[in-house]
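Okay, so here's the structure we're looking at.
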Amino acid sequence: MEGVEEIVIAGAGLAGLATALGLHRKGVRCVVLESSATLRASGYAFTTWTNAFRALDALGVGDKIREHHLLYERLVAFSASTGEAAAKVSLKMQGKSGPHEIRCVKRNFLLETLEEELPEGTIRYSSKIVAIEEEGNVKLLHMADGSIIRANVLVGCDGVNSVVAKWLGLPKPILSGRSATRGLAEYPDGHGFGPEMLQFIGQGFRSGVLPCSDTSVYWNYTWYPSPADGDAEESVDKMRRHVLARLRAAKIPAEALDVVERGEMSEVVSSPLRFRSPLALVRGSISRRGVCVAGDAFHPMTPELGQGGCAALEDGVVLARCLGEAFAVGGHGSAEAALEKYAGERRWRAVRLVTAAYVVGFVQQSSNPAIKFLRERFLSGLLARVMVDMADFDCGKL
């Protein structure tokens with residue numbers, strides 16, 4: 001049909017770019033509509049677990065990412081109350097799909113790497129979908145500038161406030177009651193941290209220090225906001241002082257405090273952590289009549305497993321594989337069946353990840369005396385192993 005795009009992807013985040021690159025590798029053209037004027041690299045970095053590298057390898061960019069980021073050898077979880085290591089987990093182990101591989105990858109580097117592999121013109125910036133209508137089998141995408149784009153297949157990778165998820169009837173994500181802030185510190189002469197993930201858990205917060213390379217370190221901090229926080233969220237400086245005050249009141253080593261002190265922070269000083277109810281994922285429409293969702297538009301989750309971005313990459317590979325196979329056969333009915341197949345493959349994986357992330361976060365940050373006792377005596381090691389186990393997954397090849 002003249003004037004109709006075969007596949008339109010809403011959003012140039014990890015899920016959107018991974019899907020677009022997977023389709024390109026399969027010889028299927030698509031268009032990516034990104035509401036911002038440029039790639040958005042909010043979040044600075046994210047933990048890239050074994051499952052994410054399986055997906056990146058399937059997309060043909062895994063080695064480019066490896067070249068610039070440290071390989072971790074262990075995860076160490078410290079009690080924020082005692083300062084002692086509550087759990088040490090070796091990451092030099094074999095999983096079901098091969099050796100484990102965990103790095104902290106700079107978000108802008110990964111997005112730019114994916115973008116560079118796409119044909120020129122694939123991404124249309126400053127292109128925001130505000131409404132969706134149907135005209136037979138064609139989707140009419142009403143844009144913020146008043147124009148209309150026609151599409152046979154629409155893939156919603158438009159984030160936690162997804163217009164596409166709303167059209168599918170998925171309920172809004174739920175507030176977890178926790179918020180997060182983060183930053184990235186640069187050490188031109190080297191930072192001195194070893195090849196390990198450091199977590200500080202307890203006192204009502206969870207904080208992490210993760211080296212990305214020999215000269216850069218990512219940090220994050222999640223907590224339960226309260227009126228006692230005062231005006232902490234008014235500016236970067238006030239948020240930094242709030243985080244440092246909480247960390248200094250606990251038993252956090254000086255080198256971890258230095259990362260927060262010198263780290264660059266976003267002007268969006270904090271963000272409430274939201275997740276989609278596992279029940280909504282079980283019962284809701286992930287795909288319908290040539291429309292589906294992926295990434296945070298599909299399964300927003302709290303960050304305790306470090307699996308949000310990893311799962312988005314998995315989504316992209318599986319979705320590109322299903323659509324690529326369908327377009328090799330041809331016909332709109334084949335594309336709809338492909339999206340249903342994708343939804344079937346991804347639904348229960350998403351349910352497990354969202355549920356596990358919420359439970360791990362609740363236990364890690366609970367101030368309940370009984371949970372605190374169990375966490376510091378027994379549960380920290382178990383929770384760390386849950387993180388590793390959830391990453392022991394292979395989404396397959398394109």
ask   = Hey, if you put +1 on the Cβ of every Lys and Arg and -1 on every Asp and Glu Cβ in the range 97-230, which of TRP223, ALA151, PRO99 ends up farthest toward the positive end of that dipole?
value = TRP223
message = Suppose each label sits 7 Å from its Cα in the direction of the beta carbon; what would the THR82-ILE174 distance come out to in nanometres?
response = 3.3
request  = List the extent of the Cα atoms of the range 186-238 along each of their three principal axes, largest first, rounded to whole Å.
outcome  = 39, 24, 12
ask   = Normalised by the residues of the chain, what does the relative contact order come to in percent, with Cα pairs under 8 Å and at least six apart?
value = 24
query = Looking only at GLY361, GLY290, GLY192, which one moves most when the chain is put into a Gaussian network model with springs between Cα atoms under 10 Å?
reply = GLY192
query = For the range 66-151, what is one quarter of the convex hull surface built on the Cα atoms, given in nm²?
reply = 11.6
remark   = Quick calc: nm separation of the 7 Å Cα→Cβ label points for ARG241 and ALA144 -> 3.4
query = Rounded if a/c is under 1.5, else prolate if a/b is larger than b/c, else oblate: which is the range 261-339, with a ≥ b ≥ c the root eigenvalues of its Cα gyration tensor?
reply = prolate
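Given the rule -39500 (n - 2.57) for each run of at least 4 DSSP H residues, summed and divided by the residues of the chain, what is its mean residue ellipticity at 222 nm, to the nearest 500 deg cm²/dmol? Numbers along the way, then the final one.
On the way: 12 runs with 146 residues, N = 398.
Mean residue ellipticity at 222 nm (helix-derived): -11500 deg cm²/dmol.
Would you mind computing the Rg to Rh ratio of the range 207-322 from its alpha-carbon coordinates, Kirkwood style for Rh?
Details: Rg = 18.2 Å, Rh = 17.0 Å.
On the Cα set of the range 207-322, Rg over Rh gives 1.07.
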request  = When you have a sec, figure out the Kirkwood radius of the range 1-140 from all distinct Cα pair distances and drop it here in Å to one decimal?
outcome  = 17.6
task = Could you check how much of the accessible area of the chain is carbon and sulfur, as a whole percent, using a 1.4 Å probe?
result = 51
remark   = Taking the dipole of the chain about the Cα centre (Lys, Arg +1; Asp, Glu -1; charges at Cβ), the one of PRO188, VAL317, PHE200 that reaches farthest to the positive side is PHE200
query = Can you give me the Cα centroid spacing of the range 79-107 and the range 237-261 in angstrom?
reply = 23
key: Surrounding net charge for PHE193, when Lys and Arg each add one and Asp and Glu each subtract one, Cβ distance under 14 Å   = -4
task = Consider all pairwise Cα distances in the chain and report the whole-number % of them above 38 Å.
result = 19
If the convex hull is drawn through the Cα atoms of the range 151-288, its volume per residue in Å³ = 167
ask   = Each label point is 7 Å from the Cα along the Cα-to-Cβ direction; what then is the distance between the points at LYS251 and LYS26, in nm?
value = 5.3
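Set the Förster distance to 22 Å, then compute FRET efficiency between ALA131 and VAL282 from the Cβ-Cβ distance, nearest 0.05. Walk me through the intermediate numbers first.
Details: r = 28 Å, r/R0 = 1.26.
About 0.20, to the nearest 0.05.
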query = Are there any helices in the chain, counted as whole DSSP H runs, that stretch 18 Å or more along their axis by Cα and score at least 0.0 on average by Kyte-Doolittle, and if so which?
reply = 308-329
note = Per DSSP, the loop-located GluC sites (Glu not before Pro) within the range 120-220 having at most 10 other beta carbons within 10 Å are GLU120
task = Can you send over the solvent-accessible area of ARG347, 1.4 Å probe, protein chains only, in Å² to the nearest 10?
result = 50
key: Hull shadow area, averaged, the range 79-216 [alpha-carbon convex hull, nm²]   = 14.1
query = Among LEU118, LEU59, LEU17, which one shows the biggest mean-square fluctuation in a GNM of the chain, springs joining Cα atoms closer than 10 Å?
reply = LEU118
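The values are calculated or read from the model by the stated rules, or taken from the named source; none is laboratory data. This structure is a prediction, so every number in the text was calculated from the model and none was measured. FYI the Cβ positions are ideal-geometry reconstructions off the backbone, even for glycines, and counts take in every protein chain you see. Calculation scope for accessible area: heavy atoms of the full protein, side chains included, ligands and nucleic acids excluded. Shrake-Rupley method; radii C 1.70, N 1.55, O 1.52, S 1.80 Å.
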